[in-house]
Amino acid sequence: MLKLNDIHVYRGQTYVLKGVSLEVGRGEIVALIGANGAGKTTTLRTISGLLTPKNGSIIYTPEKDDPPWDISGAQAEDIVARGIAHCPEGRGVFAQLSVRENLMVGAYLRNDKKQIEYDHERVCHMFPILGERANQAAGSLSGGEQAMLAVGRALMTRPRLLILDEPSLGLAPLVVEFIFDMLAEINSQGVTVLLVEQNAVMALKLANRAYVLENGQVTLSGPSDELARDEKVRRAYLGGE
Ligand code: ATP
């Protein structure tokens, strides 16, 4: 569904991604793990069109029979419209807007009113607190509730591929577990997931496959259960001996 081929990205003068290649298959949950500053956020921002790679291609095939599309350098808005939703680091909710208004921001490129209401109900069914707090300012929600709102807003775009940047950041373990359960649920409903996580234990539990990013390059990849047993991964990312 998504294939990054030898992606190189500079941020200002800094050479951040030094030839990243990775693949996300339709229906999969793929995790991208790595230390602070390894380039995980940069990878996601490049996929969603917020950064432009210097070299390389990002081939996206929304549906099986669609023609492959090189989205490297495409407008972020066009990429969202074709089904890639980005849940950014730090959630990015609009504090002054109500919870419902935040969710509707996710639907701003759509004009299928009935479907939008249907999706709004589905999101509120998945995260009941978002229905209960519909008219409350998003800034008054707890961190966990804001994380749910960010996922809900991304779902309002009707994504085929949901990419998430550190959804667990700063959240209590029970909340993280709830959000990860919901990601599994969203995936079982047909949405492909690409997840960046510092919490490698949770990420490897959820994902089918994973990539390890170090210093702007993929250094390891494979099925999550294999990576979870890998000596180097255990030592560097899973707190093992
Ligand atoms: P983190 O978990 O800290 O977000 P990350 O793996 O997501 O880490 P990135 O945020 O992609 O890493 O950052 C990768 C590198 O790019 C870092 O060395 C960072 O200092 C650098 N960088 C990030 N943003 C910019 C910027 N706007 N200008 C210059 N360098 C940047």
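In the stretch 61-191, carbon and sulfur make up what percent of the accessible area (probe 1.4 Å)?
51
Annotation: per residue accessible area for the chain equals 47 Å², rounded to a whole number [probe 1.4 Å, protein chains only]. Once the C-beta distance of Arg235 and Leu174 is scaled by a Förster radius of 22 Å, the resulting FRET efficiency is 0.20 to the nearest 0.05.
Beta bridges per DSSP, both residues in the chain: antiparallel share near 55 percent.
Taking the DSSP bridge list for the stretch 102-241 and keeping only pairs wholly inside it, about 55 percent are antiparallel. Our coupling estimate for the stretch 29-41, obtained by passing each phi through the Karplus curve with A = 6.51, B = -1.76, C = 1.60 and θ = phi - 60°, is 10, 10, 10, 10, 10, x, 6, 3, x, 6, x, 5, 4 Hz, Gly and Pro reported as x. Oblate is the label for the stretch 139-211. Its Cα gyration tensor axes, ordered a ≥ b ≥ c, give a/c of at least 1.5 and b/c at or above a/b. Each of Ile129, Thr52, Val233 was scored by the projection of its Cα onto the charge dipole of the chain, and the greatest displacement toward the positive side belongs to Thr52; charges sit on the C-beta of Lys, Arg, Asp and Glu. Magnitude of the charge dipole for the chain, about its Cα centre and with charges confined to Cβ atoms of Lys, Arg (+1) and Asp, Glu (-1), is about 360 debye. Using the Cα centre as the reference, give the magnitude of the dipole from point charges on the C-beta atoms of the stretch 1-104 (Lys, Arg: +1; Asp, Glu: -1; all else neutral), rounded to the nearest 20 debye. The calculation lands at about 380 debye.
All C-alpha pair distances within the stretch 1-90, sorted into 10 Å bins from zero, spread as 16, 52, 28, 3 percent across the bins. Within the same chain, lysines fewer than 8 places from Lys232 are excluded, and of the rest, those with a Cα less than 18 Å from its Cα are Lys205. Counting only Cβ charges, +1 for Lys and Arg and -1 for Asp and Glu, the dipole size of the stretch 73-164 around its Cα centre is about 160 debye. Put simply, the amide H of Ser48, placed in the peptide plane, has no neighbours under 5 Å, leaving out anything fewer than 5 places away on its chain. Placing pseudo-labels 7 Å out from each Cα toward the beta carbon at Arg26 and Lys3 gives an inter-label distance of 1.4 nm.
The stretch 202-240 and the stretch 135-155 have their alpha-carbon centroids 29 Å apart.
Along its principal axes, the chain has C-alpha extents of 47, 43, 36 angstrom, given from the largest down. Return the lysines within reach of Lys64: Cα separation strictly under 22 angstrom, same-chain partners fewer than 8 residues apart disregarded; answer none if there are no such residues. Qualifying lysines at Cα under 22 Å: Lys3.
On full extension, the segment bounded by Ile59 and Glu132 gains 22.3 nm, given 0.36 nm per residue less the C-alpha separation. 3J(HN,Hα) along the stretch 95-101, derived from phi through the Karplus expression 6.51 cos²θ - 1.76 cosθ + 1.60 where θ = phi - 60°, amounts to 4, 7, 7, 6, 4, 4, 4 Hz, with x in place of Gly and Pro. For the chain, the relative contact order is 26 percent, taking Cα pairs closer than 8 Å that sit 6 or more residues apart in sequence and dividing their mean separation by the residue count. For Gln198 and Asn111, what is the calculated FRET efficiency with R₀ set at 35 Å and r taken between the beta-carbons, to the nearest 0.05? After rounding, the FRET efficiency stands at 0.40. May I ask you to derive the FRET efficiency for Glu226 and Ala81 from their Cβ-Cβ distance with R0 = 35 Å, giving the value to the nearest 0.05? Working from the Cβ atoms, E equals 0.45. Each stretch of four or more DSSP H residues adds -39500 (n - 2.57); spread over every residue of the chain, this sum gives -10500 deg cm²/dmol at 222 nm. Backbone phi angles across the stretch 105-121, fed through the Karplus curve with coefficients 6.51, -1.76 and 1.60 (θ = phi - 60°), yield HN-Hα couplings of 4, x, 9, 5, 8, 9, 10, 8, 3, 5, 5, 5, 5, 4, 5, 4, 5 Hz in residue order; Gly and Pro are listed as x.
The values are calculated or read from the model by the stated rules, or taken from the named source; none is laboratory data. Small disclaimer: the values here were computed from a predicted structure and weren't measured. As a convention, Cβ positions derive from the backbone with ideal geometry for all residues, glycine included, and neighbour counts pool all protein chains shown. Side chains included, ligands, DNA and RNA excluded: accessible areas come from the protein's heavy atoms. Shrake-Rupley method; radii C 1.70, N 1.55, O 1.52, S 1.80 Å.
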